[in-house]
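Asker: Handing you a structure now.
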Amino acid sequence: MRRSLVILAVLLLMPSSAAVGAERFALPKFKSGYEIPPLVVPPAGSDTLEYLDVAALVLALALASYLALRARSRRAVWVLMAASLVYFGFYRGGCICAIGAIQNVALALADGGYTIPVVAVAFFVIPLAATLLFGRTFCAAVCPLGAVQDIVAIRPTRVPAWLDHALGLLAYVYLGAAVLFAATGAAFLICEYDPFVAIFRLVPFTRQNVWMEAFGGSTAMLILGAAFVVAGLFIARPYCRWLCPYGAILRLLSRASKWHVTITPDECNQCTLCENACPFNAIQKPTTDAPRPDRLIDRRRLALLLVLVPVLLAAGGGFGWWLGDPFSRMHFTVQQAERVRLEETGQVEGTEDISDAFYQTQRPREELYAEAAAIRGRFAVGSALLGVWVGLVVGVKLIHLSVYRTRTDYQPDRATCVSCGRCFAYCPFERKRLKTLAGEPTTP
Amino acid sequence: MSKTSDADTKVTRRNLFRKGGLAAGTAVVAGTAAVLAAKGGTDGHVWQIDPAKCVQCGNCATYCVLDPSAVKCVHHCELCGYCDLCFGYFSPGFEPESGIETAPAESQLCPTGAITRRWVEGPHYEYTIDEDLCIGCGKCVLGCNNFGNGSLFLQVMHNRCVNCNECAIAEACPSDAFRRVPADHPYLLKGEDTPA
């Protein structure tokens, strides 16, 4: 009898089942002195470890800069790099990192309601400041993503310069896309497609609970990570060179850095010994022997490219505008509105979780459609800007490649050099400094 | 070294560009840092599930980078009807004898047997969740929401959550129920005032 009453009550209440927390059955009035247990939830864990991360970051950056620029020791840089891989990568699970912090920064600048954690600000800004001072020492020995690739780069092959330059543009595109999707609140692309975080989380470690993460990463990301590692055996640091969006920012800053690592501790005498030392194509050859190209042709080409830049900007902007609509479908609200619209117009039968979630809120459809339209508008503008950015990057790259620069010495390309120190041991002046002239190269 | 310092002091076009770039870069980085410092907070945000939006799809159990998931079911007893026939406890279609305290395993909705019940008085039973057994699948939450008071609901447990910058469950959530909440109010509990 009691149960049939309950079922009757349930049947009567069924239509309003969407109402959340409906008090269908009143809290009993207990007579036996029973006390209702309170709702207890565990407190948030302490964030002291995060501040320790910032301290570790500062310390590692200072050490990396000292070891690369002053001590000039590839071996010491390698040891620090391995230590960073263990701490920031395997122990801390690769989160938070400077690369991902780009998105927190973009979201904080675009969305006033989002409070960016101080730790994320520190991870974003401190390596930038260090790069302005010392070049990309962050990439050399602090970044765990760089470290995992550097350690596996055992048989690096030379990538043709044209391909290297072309692929290098992808990083700027990725940077622009990551900023667009983070600022619109659609997704954190860099974290979602981080190829190495799944590998970091494979290794069970002692941090509270993280040991449980073994095999927790998605299989697709593990396969992607493995592909990068295998490719990295033969192509040194593929992610750093061609995809890393933070590396793209660092390239720009490193060009202007106050100090920078040098190949030789002394004067370069163009002995050519270091010419093939760099697996990243980051050693620039002197131009003295090559015949100077015809100035007139140079000028004509430059003029043509300068005319081409506005065309590239306009084309990029137009293409981006056109991509705004497909891009906006990455946003949850747009997906939801599309599904609800399809169901409303009878183009699909039945409902899905995503539309059920909307019906549960009991809001009018028009409100959802208006919200989605606003997001589409933001995407149209945002991806047009992304297109302009891509056009600008391509234009600047073409101009940069076409401008003739006189170089008298072998020197690192400040943009692409990651200050790893592999070239040091190839320089005879370095051998003289270390008094190992007769010895073998000591590069690990 | 001596050569580099010579080149640095000599005013060439290249050095001028570099110095200009350094000044501009410093200004941009310092400016960004200042703006972010003004927008930043020491606590930042953590992930949480809005129970009002949750549709109990089951993704919380499978998409978390932790195994078992950092999402667990919580039970707010003050919202509970203390029903004998609990739709969050029994499998659908099971007809319990009156007075049964522990249902046979195959008749329990929870796949891990994480919910236990205890007789209190009259037809009323108290339901408790063993957090260590709960995998966050939300089956009980679905039953309780559809036929009961909705006193069972899912929450991200902050003694477990590693607060990934991009939460894998949030990405997979079909109802946008995951959102970043201020770390000093890390839970969105039913029946309690929660910050917007």
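Asker: Can you give me the solvent accessible area of A:V381 with a 1.4 Å probe, rounded to the nearest 10 Å²?
Answerer: Around 80 Å² of this residue is reachable by solvent.
Asker: Per residue of region A:273-278, what does 6.51 cos²θ - 1.76 cosθ + 1.60 with θ = phi - 60° give for ³J(HN,Hα)? Whole Hz please, x for Gly and Pro, Karplus curve as stated.
Answerer: 5, 8, 3, 9, 6, 9
Asker: Rounded to the nearest whole Å², what accessible area per residue is found for the protein assembly as shown with the 1.4 Å probe?
Answerer: 48 Å²
Asker: Excluding A:S32 itself, what net charge comes from residues whose Cβ is under 12 Å from its Cβ, given Lys and Arg +1 and Asp and Glu -1?
Answerer: Values: positive: A:K29, A:K31; negative: A:E35, B:E121, B:E126.
Computed value for this residue: -1.
Asker: Let me understand chain A better: what is its radius of gyration from the alpha carbons, and its Dmax, in angstrom?
Answerer: Rg then Dmax for chain A, in Å: 28.2, 102.
Asker: Taking amide H atoms as placed 1.01 Å from N in the peptide plane, list the residues 5 or more away in sequence, or in a different chain, whose amide H sits under 5 Å from that of A:Q284.
Answerer: A:Q411, A:D413
Asker: Tally Lys and Arg at +1 and Asp and Glu at -1 over the other residues with C-beta under 12 Å from the C-beta of B:P174: what net charge comes out? Could the numbers behind the result be given before it?
Answerer: Values: positive: A:R339, B:K53; negative: A:E352, A:D353, A:D356, B:E171, B:D176.
Once positives and negatives cancel, what remains is -3.
Asker: Now, a different point. Structure shown: which of A:K31/B:K72; A:K31/B:K190; A:K435/B:K19; B:K39/B:K72; A:K397/A:K435 lie over 30 Å apart, alpha-carbon to alpha-carbon?
Answerer: Details: A:K31/B:K72 32 Å; A:K31/B:K190 26 Å; A:K435/B:K19 35 Å; B:K39/B:K72 32 Å; A:K397/A:K435 42 Å.
In this structure, A:K31/B:K72; A:K435/B:K19; B:K39/B:K72; A:K397/A:K435 lie more than 30 Å apart at Cα.
Asker: What are the ³J(HN,Hα) couplings of region A:133-142, residue after residue, when phi is run through the Karplus curve with 6.51, -1.76, 1.60 and θ = phi - 60°? Round to Hz, x for glycine and proline.
Answerer: Values, residue by residue: 8, 10, x, 7, 6, 4, 5, 5, 9, 10 Hz.
Asker: Computed on protein heavy atoms with a 1.4 Å probe, what is the summed buried accessible area for the chain pair A and B, in Å² to the nearest 100? If you can, show how the numbers build up before the last one.
Answerer: Details: alone 24880 and 12210 Å², together 30450 Å².
Chains A and B together bury roughly 6600 Å² of accessible area.
Asker: Something else about it: Where does the charge balance sit around B:R117 when Lys and Arg score +1, Asp and Glu -1, over other residues with C-beta under 10 Å from its C-beta? Write out the running numbers ahead of the final one.
Answerer: On the way: positive: B:R118; negative: B:D84, B:E101, B:E126.
Spelling it out: positives minus negatives among the neighbours equals -2.
Asker: Other chains near B:59-66: what is the mean number of their Cβ atoms within 10 Å of each residue's Cβ?
Answerer: On the way: counts 1, 0, 0, 0, 2, 3, 11, 7.
Whole-number average of other-chain Cβ neighbours for B:59-66 is 3.
Asker: May I ask for log10 I(q)/I(0) of region A:295-400 at q = 0.14, 0.17, 0.20 Å⁻¹, from a Debye sum over the Cα atoms as equal point scatterers with solvent left out?
Answerer: Result of the Debye calculation: -0.65, -0.79, -0.94.
Asker: Please list, in chain and number order, the residues 5+ apart from B:A177 or on another chain whose amide H is under 5 Å from its amide H, with Hs placed from the backbone.
Answerer: The answer is none.
Asker: Distance in nm between label sites at A:A110 and B:N15, each 7 Å beyond Cα in the beta-carbon direction?
Answerer: Placing both labels 7 Å along Cα→Cβ, they lie 4.3 nm apart.
Asker: Moving on to the next point. Size of the dipole of the protein assembly as shown about the Cα centre, Lys and Arg at +1 and Asp and Glu at -1 on the beta carbon, nothing else charged, in debye to 20?
Answerer: Dipole about the Cα centre, nearest 20: 4040 debye.
Asker: A further question follows. Going toward the positive end of the dipole of region A:295-400, with +1 on Lys and Arg Cβ and -1 on Asp and Glu Cβ, which of A:A372, A:G346, A:S328 do you reach last?
Answerer: Most positive-ward Cα: A:S328.
Asker: In what sequence, largest accessible area first, do A:W321, B:W119, A:W162, A:W78 appear using a 1.4 Å probe?
Answerer: On the way: A:W321 150, B:W119 125, A:W162 180, A:W78 90 Å².
Ranked list, largest accessible area first: A:W162, A:W321, B:W119, A:W78.
Asker: Using +1 on the beta carbon of Lys and Arg, -1 on that of Asp and Glu, and nothing else charged, what's the dipole of region A:295-400 about the Cα centre, debye to 20?
Answerer: Working: 12 positive and 12 negative charges, 252 e Å.
Result for region A:295-400 is approximately 1220 debye, rounded to the nearest 20.
Asker: Sorted by accessible area with a 1.4 angstrom probe, largest first, how do B:K72, A:K29, A:K397 fall? Mind dumping the intermediate values first?
Answerer: Working: B:K72 0, A:K29 170, A:K397 50 Å².
Final ranking, largest accessible area leading: A:K29, A:K397, B:K72.
Asker: Among A:L85, A:A110, B:A177, which residue has its Cα furthest toward the positive end of the charge dipole of the protein assembly as shown, with +1 on Lys/Arg Cβ and -1 on Asp/Glu Cβ?
Answerer: Of the candidates, A:L85 comes out farthest on the positive side.
The values are calculated or read from the model by the stated rules, or taken from the named source; none is laboratory data. Here the structure is a predicted model, which is why all the values come from computation and not from measurement. Every residue, glycine among them, receives a Cβ derived from its backbone with ideal geometry; neighbour counts consider all protein chains shown. Keep in mind that these areas ignore ligands, DNA and RNA; they rest on the heavy atoms of the full protein, side chains included. Shrake-Rupley method; radii C 1.70, N 1.55, O 1.52, S 1.80 Å.
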